[in-house]
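Structure record follows, encoded as structure tokens.
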Amino acid sequence: MKKWIIIMMVVLISVLVACSGSNNSEKAEKSSDDNNNGEDKEQTVRVAVVESPMLDVVEIAQENLAEDNIEVEIVEMGDYIQPNEALANEEVDANFSQHVPFMNQFNQNSDANLTEVQPIYYANFGLYAQEYASVEEFPDDATIGIANDPSNIDRSLRLLASHNLIELKETDSGQYKLEDIKENSHNYSFEQAGITALTRLYEDFDGVIVNPTHAGNLDLTPADDALITEKEDNKFAITLVAREDNADSELIQQLADAMTSEDVRKFLNSREGEASIPAF
């Protein structure tokens, strides 16, 4: 009798061990499957843009990142403030619509924590005039239309000063205002408007200072039509922007890499009239 009891116990233990091994094997297989699914799972990054060529650059990155199973969801917006508001509110993961001084102005006004990730290209700011073919022809007492936000007022004044058309005072703020004009020997006057409105006012002023996208709406290019343009050593590169909490994330860094690819460089260099100069 004892012999049979011992035999039954051995059989029972063997069955339990076998079942345990099977369960462990199933768990291991399930864990492996979960890990594989994690690797293959598509990731999504939402990027806010305003217009071309920012849109085109992100579309190139979108196509390249699709090969790595990363979806770039492009969110087009109607003005330059909306992308920053959306990013600050975590409605998007990044935006591509501005230079760093504009971003800094938004941070200051909105107590936001946006930060630069990667400069992409210089949008070659220029002075355009309907009636004049060169800066030598540009008249004294001219009225010049400039964008009305602080960062682009600063940018417009720096452009004129870099070509010795005005002289600026020294400033500790890092951003020039109209009252910082020290010498205005040509007696220029300045009219301010939203940057998107300046092209509509082109015929109303002696000249306007705009970026290549808005000049393009008038069939003008920096190389062919601007009386003067920016020099490349400026602080106004159009830049990929994220938040301080996600700027160093792998997904944002992969986006930055895709936006500085040779495909993007070729696209920027192919644009007519030196409209966008790579900054990488």
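The values are calculated or read from the model by the stated rules, or taken from the named source; none is laboratory data. Since this is a predicted model, take the numbers as computed values, not measurements. Virtual Cβ from ideal backbone geometry, glycine too; neighbours counted across all protein chains shown.
A few notes on this one:
- Of all residues in region 239-263, none that is within 20 Å of Glu51 (Cβ to Cβ) and at pLDDT below 95 has its Cβ atom under 7 Å from the Cβ atom of a residue that is surrounded by fewer than 21 Cβ atoms within 10 Å (Cβ to Cβ) and small (Gly, Ala, Ser), 6 or more apart or on another chain.
- One residue stands out in region 170-187 among those that are at pLDDT 95 or above and hydroxyl-bearing (Ser, Thr, Tyr): the one that is farthest from the chain's Cα centre (by Cα), namely Ser185.
- Some residue of region 183-190 being in contact (Cβ under 8 Å) with a residue 24 or more places away in the chain, at positive phi, out of contact with any Leu (no Cβ under 9 Å at 6 or more places or on another chain) and assigned to a loop (DSSP other than H, G, I, E, B): yes
- When we screen Arg200, Arg271 for residues that are assigned by TED's automatic domain parsing to the domain that holds Asp93 and over 14 Å from the mean Cα position of the chain (by Cα), the only hit is Arg271.
- Of the residues Asp257, Asp263, Asp219, Asp245, the single one that is in a loop (DSSP other than H, G, I, E, B) and under 20 Å from the mean Cα position of the chain (by Cα) is Asp245.
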